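The values are calculated or read from the model by the stated rules, or taken from the named source; none is laboratory data. Please read all numbers here as calculations on a predicted model, not as lab measurements. For neighbour counting, all protein chains shown are included, and Cβ atoms are generated from backbone atoms with ideal geometry for every residue, glycine included.
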Amino acid sequence: MGKNQLYYGDNLPVLREHIKDQSVDLIYLDPPFNSRQDYNVLFAERNGSRSASQIMAFEDTWEWNEDSARVCEEIIERGGIVSQVIQAFRTFLLNSDMMAYLAMMAPRLIELHRVLKIGGSIYLHCDPTASHYLKMLMDAVFRTAAFQNEIVWSYRRWPSPSKHFQRMHDTLLFYCKESDRPQTFHVEYEPNSPSYQKRFKGKTQMLDPETRSRKITLEAESKGLPRRDVWDLSIIAGSKKERLGYPTQKPEALLERIIQTSSNKGDVVLDPFCGCGTSIAVAQRLNRRWIGIDITHLAIGLIKKRLDDAFGSTVRETYEVVGEPVDLSGAQRLAQDDPYQFQWWALSLVGARPVEKKKGADRGIDGRLYFHDEKGGKTKQIILSVKAGKLHAPYVRDLRGVIEREKSEIGVLISMEPPTKPMQKEAAEAGFYKPPGLAERYPRIQILSIAELLEGKKIDYPRYAADATFKRAPKSRKAAEEQIPLNGEDEEPF
């Protein structure tokens, strides 16, 4: 096998074009249903509170429209049991967003069935809004005999007054492939209750094996009971270091339980909706191979930073990113195909945080980067503007006005083209930012071309401590060098 794989793109073509038949041991997926409600990406503000800004990553993915109608027809025309289930859904759900969701999920589940090894396991994470429909769809794709458990993940959070019981659980649908039992299942045990321990954990006596004359006393202890299908695991509290500010982020303890139970070291774990990369980070820590797929450069950039924070920069040698631009021509294609994705990708090259995009309301700001340059001092910020087209000197003057208005220390213009001499002159006239108590000076206006960023050039700014732009993932309990060693590069990818 080659390196671990992190794919940017729609998971359906990625699965079809890049992932081989029966090449995956374990699949975990947490597909969003209502994009506006569940998959908007919110970031933590500098004070740790949630921002009102939202970036629409899946604005119409699960809406009933021409695309979802076409996919629905394609599934129906293929025939078979999946076709029959989709037809039944269509009769009941009509042209609803739920119907669009199920129509879009059906071909993805079919591909996941294809890539999963015989006896491999799949865990589909969902909430009660769609779990009953998804179970019927999973029965059709994986067959009812392959169903193992409907796992209830129970958690506590701050309640809200309502005329129904508090909704504090998610569902995980656990299936295996073409078998009534998974090939790998490591039984976990729940600790015995205090009352059980008090009643049954006693002392027993036996003959001393050496003297055979006197009795010695031993403690009798049980492993506990095999784990139930109700899991009491905490959500990620706002104060926890694990929290990255990603709204659909799941606790590492949840993924750790799934991966440890249903895979072995060296097995391949796939997450086709990997979001902020919890499954990826846990698989890396537990010495599993992994494949992650996400449709936004925003998520890909966050995952790369999360892996760096947890395992150190050497972790980059263990995986490759597929689908990201690697040269100017690739960057130009991305800018032409999807300007927002280009902006997110360009900002990810410098570790910056995108801002909300409302038509005519960005006020000259595409991204922000926060830093500290003095002990106990206030958080400072860098304003970023991204330009994919032809450059003009007024862009620099505009950026200079923005940083003065925002009271920012530094402004950075990221451009597809190299800057013109008038632009460089305009930037130089902006002067320097001098941190308190330091002799160093940093240009207040900096212009970085995509070519320079691809070559490794960075923003020039002071850093007393870690950047405050994104919350840092906690350092992994295992060093990066403890990961599964990679074989030669001449081996085939997944």
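Quick notes on this structure:
- In the condition set (1) over 17 Å from Arg143 (Cβ atoms); (2) surrounded by 14 or more Cβ atoms within 10 Å (Cβ to Cβ); (3) free of Cβ contacts under 8 Å to residues at least 40 places away in the same chain, Ile110 is compliant with all but (1).
Listed here are the residues, each with its yes/no results for (1) modelled with pLDDT of 90 or more; (2) not in a loop (DSSP other than H, G, I, E, B).
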| position | (1), (2) |
| --- | --- |
| Val14 | yes, yes |
| Asp21 | yes, no |
| Ile27 | yes, yes |
| Arg36 | no, yes |
| Arg46 | no, no |
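- Matching residues, region 395-447, being acidic (Asp, Glu), under 34 Å from the mean Cα position of the chain (by Cα) and in a loop (DSSP other than H, G, I, E, B): Glu409, Glu417
Every residue, every condition in (1) part of a strand (DSSP E or B); (2) modelled with pLDDT of 80 or more, yes or no:
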| position | (1), (2) |
| --- | --- |
| Arg167 | no, yes |
| Thr171 | yes, yes |
| Glu178 | no, yes |
| Gln183 | no, yes |
| Asn192 | no, no |
| Arg199 | no, no |
| Gln205 | yes, no |
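- Within region 401-418, the set of residues being surrounded by 20 or more Cβ atoms within 10 Å (Cβ to Cβ), modelled with pLDDT under 95 and not small (Gly, Ala, Ser) comprises just one member, Ile403.
- The residues listed here are Ala146, Ala140; of these, the one that is touching a Ser or Thr at 6+ places or on another chain (Cβ under 8 Å), over 25 Å from Glu252 (Cα atoms) and surrounded by 11 or more Cβ atoms within 10 Å (Cβ to Cβ) is Ala146.
- Among residues of region 315-335 that are within 16 Å of Trp290 (Cβ to Cβ), those with a beta-carbon under 7 Å from a residue that is among the polar types (S, T, N, Q) and assigned to a loop (DSSP other than H, G, I, E, B) at least six positions away or on a different chain give the pairs Thr318/Gln483.
- Selection status of His169, of a type outside the set (Lys, Arg) and surrounded by fewer than 13 Cβ atoms within 10 Å (Cβ to Cβ): no
- Identity of the residue in region 272-291, outside any helix (DSSP H, G or I) and of a type in the set (A, V, I, L, M), that ends up surrounded by the most Cβ atoms within 10 Å (Cβ to Cβ): Ile291
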